[in-house]
Amino acid sequence: MITGEQKPIEEIRGMVEPYKRILVLGCNSCVAECAAGGEKETGMLASALRMAAKMAGKESVIQERTLDRQCVKEFIIRIDDIVDQYDAILSLACGAGVQAVGDMYPEVPVIPALNTEFLGETKEQGYWVENCLGCGDCMLHQFGGVCPLARCSKQLMNGPCGGSKGGVCEVRPDLPCAWQEIIDRLEHFGELERLEKIVPPKNWSKKNSSGPRRIVREDQKR
Amino acid sequence: MKEMSRLKTVLEKGTFAVTAECGPPKSADPETVLRKGDLLKGKVDAVNVTDNQTAIVRMSSMAACTLLKSAGMEPVLQVVVRDRNRIALQSDILGASALGIRNVLCLSGDHQSFGNQPQTMGVFDLDSIQFVQAVRTMRDQGLIIGGEKLNSGPELFIGAAANPFADPLPFRVVRLAKKVAAGAEFIQTQCIYNLERFEAWMQMVRDRGLADKVAILGGVTPLKSARMAKYMKEKVSGMDIPDRIIQRMEKVPPEKQREEGISICVETIERLKKIPGVKGVHIMAIEWEDAVGEIVERAGLLPRPS
């Protein structure tokens, strides 16, 4: 899923300062799973902003709504009937959601309430980790199911650097060395010989060398 | 005919090679480089010029190499993949050869989070092994990545680094084998203080037949003080300093610790000379270039072949 974290409240207040009528718009998909932008967080943020406005003696209308998905047109149009009432939308979606809403209602400024972080996994309650770059050319089978591009600090494709010690990365003591994990997994599968082969340079054109990526599926079109 | 790598010639003749390190300054002043170079002239076969080491912005390695070359020294251009994509890396390789630089050391580079630009984007488009392979293919086949032909290839003696002290030990030799298969012709190792571990690694290197395929230069760094030794052990990644070395430094009074550091370094070189497969030594006297002369003299490595 896509993870995000709410920006500091002071930063959010600064961004919405010029506006009187604000729609705080949550998203019940990925950002709800990572407890940053779902219905609950949207309600709490709207309350906090209302309270702050009141304390500051500022006249404002701050209302909330949460969509099932902010990145899909069919869901976004559910605010069609109310969007005219607002000077701005404060979106708690990921960057894709913020932009999708903005594309739908170009006359209303859409302000991001979250910092979109990464494509990751919920390791446990309150703990999310990045483990995929979305590189467009998955090579996980070569690395025992552990991605060195996402999880090695230097994106090494041919084995651990000289900073791997006791299974820990040199960059941070709380960071496992991805390459130690790869070696351990391949050893378990009896596939250590995979490491003897030189992995050639990555084809990054599948990720980001020719503008924003698109997927076009004729069979899915209506 | 193109000028050859002196380092390569020394190694081919079977002479125990000596290289040292020169860190470019955090300045645009050429004199600093030339002054450091002057301390090393005649004491070593080639001088490694670091590439923004510890991820701190400094004068470029290419420029400092050129300055040293103009002063009659043989530079080894260090190039890290941290700061350049494959276009810039290959371009710098061509440029280095055009400037008469004849040795290159292909490295990953210290992670950007350790330096003075922690907000930068680390590039890591290629890793060090892919980079070695790219340089070797440029030189031997005249082809760049993707297969396009060069009108004239670079003339470079190709090196890489190895850290015998990082984990996991068995994979350290696999990684060396990959570097050799990629085209590395010489290897400079991480600083050696734990000789037992280094010897165990060298045994594995010989067992895999790698000692005949690549020239291994053992890395040494003279310790300036017991404090430096402790700092390196605790803070510098990939460093393995046994407690007995630290205790030995602590036993001498502070004003004699530099001398003790040099003695340890000389003794290490004496041991390295006896290890089969070790073809030379790489002295990294960090901001202490004037120690190199004494070290090579006491280790019986002077005069250097002309």
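The values are calculated or read from the model by the stated rules, or taken from the named source; none is laboratory data. As the structure is a prediction and not an experimental result, all values here were calculated from the model. Neighbour counts run over all protein chains shown; Cβ positions are idealised from the backbone, glycine included.
Some points to look at:
- Restricting attention to the stretch B:214-244, the residues being over 18 Å from the mean Cα position of the chain (by Cα) and away from chain A (no Cβ under 14 Å) number 11.
- Considering the conditions (1) on the phi > 0 side of the Ramachandran plot; (2) surrounded by fewer than 19 Cβ atoms within 10 Å (Cβ to Cβ), B:Leu143 is excluded by exactly one of them, (1).
- Any chance B:Pro254 is loosely packed, with under 15 Cβ neighbours inside 10 Å and closer than 25 Å to B:Lys13 by Cβ: no
- Taken over the stretch A:149-176, residues that are surrounded by 24 or more Cβ atoms within 10 Å (Cβ to Cβ) and closer than 14 Å to A:Glu130 by Cα amount to 1.
- Against the conditions (1) touching a residue at least 40 places away in the same chain (Cβ under 8 Å); (2) within 11 Å of chain A (Cβ to nearest Cβ); (3) surrounded by fewer than 19 Cβ atoms within 10 Å (Cβ to Cβ), B:Leu150 satisfies every one except (2).
- In the stretch A:33-52, of all residues being touching an Asp or Glu at 6+ places or on another chain (Cβ under 8 Å) and either surrounded by fewer than 19 Cβ atoms within 10 Å (Cβ to Cβ) or without any contact (Cβ under 8 Å) to a residue 12 or more places away in the chain (or both), the one that is farthest from A:Gly95 (Cα to Cα) corresponds to A:Gly43.
- Qualifying residue in the stretch B:207-222 (condition: assigned to a helix (DSSP H, G or I) and in contact with a Phe, Trp or Tyr (Cβ under 9 Å, 6 or more places away or on another chain)): no
- Here B:Arg86, B:Arg139, B:Arg172 are screened, and the one residue that is in contact with a Pro (Cβ under 7 Å, 6 or more places away or on another chain) and at pLDDT below 95 is B:Arg172.
- Of all the criteria given as (1) in a helix (DSSP H, G or I); (2) in contact (Cβ under 8 Å) with a residue 12 or more places away in the chain; (3) closer than 28 Å to B:Ser113 by Cβ, the one not satisfied by B:Tyr231 is (2).
- B:Arg208, sole failed condition from (1) away from every other protein chain (no Cβ under 13 Å); (2) of a type in the set (D, E, K, R); (3) more than 26 Å from A:Leu175 (Cβ to Cβ): (1)
- Scan of the stretch A:61-81 for residues that are in contact with a strand residue (DSSP E or B) (Cβ under 7 Å, 6 or more places away or on another chain) and either under 18 Å from A:Tyr19 (Cβ atoms) or assigned to a loop (DSSP other than H, G, I, E, B) (or both), ordered by number: A:Val61, A:Ile62, A:Gln63, A:Glu64, A:Arg65, A:Arg69, A:Gln70, A:Ile79
- Applying the condition of being surrounded by 22 or more Cβ atoms within 10 Å (Cβ to Cβ) and over 27 Å from B:Arg206 (Cβ atoms) to the stretch B:125-137 and asking which residue is nearest to the other protein chains (Cβ to nearest Cβ) yields B:Leu126.
- Here is the figure for the stretch B:272-295: residues that are under 19 Å from the mean Cα position of the chain (by Cα) and assigned to a helix (DSSP H, G or I) total 7.
- Residue within the stretch A:158-173 that is closer than 16 Å to A:Trp204 by Cβ and within 14 Å of another protein chain (Cβ to nearest Cβ) present: no
Let's see how each residue does on (1) farther than 18 Å from B:Pro164 by Cα; (2) touching a Leu at 6+ places or on another chain (Cβ under 8 Å); (3) not aromatic (Phe, Trp, Tyr):
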| position | (1), (2), (3) |
| --- | --- |
| A:Gly163 | no, no, yes |
| A:Val171 | yes, no, yes |
| A:Ile183 | no, yes, yes |
| A:Leu186 | yes, yes, yes |
| A:Gly190 | yes, no, yes |
| A:Glu193 | yes, no, yes |
| A:Ile198 | yes, no, yes |
| A:Lys202 | yes, yes, yes |
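- Any hit, the stretch B:157-174, residues being away from chain A (no Cβ under 13 Å) and assigned to a loop (DSSP other than H, G, I, E, B): no
- Considered as a group, the residues in the stretch B:1-35 that are assigned to a helix (DSSP H, G or I) and β-branched (Val, Ile, Thr) include one that is farthest from the chain's Cα centre (by Cα), and that residue is B:Thr32.
- Odd one out for A:Leu195, checked against (1) out of contact with any His (no Cβ under 9 Å at 6 or more places or on another chain); (2) farther than 29 Å from B:Pro118 by Cβ; (3) more than 7 Å from every other protein chain (Cβ to nearest Cβ); (4) crowded, with 16+ Cβ neighbours inside 10 Å: (3)
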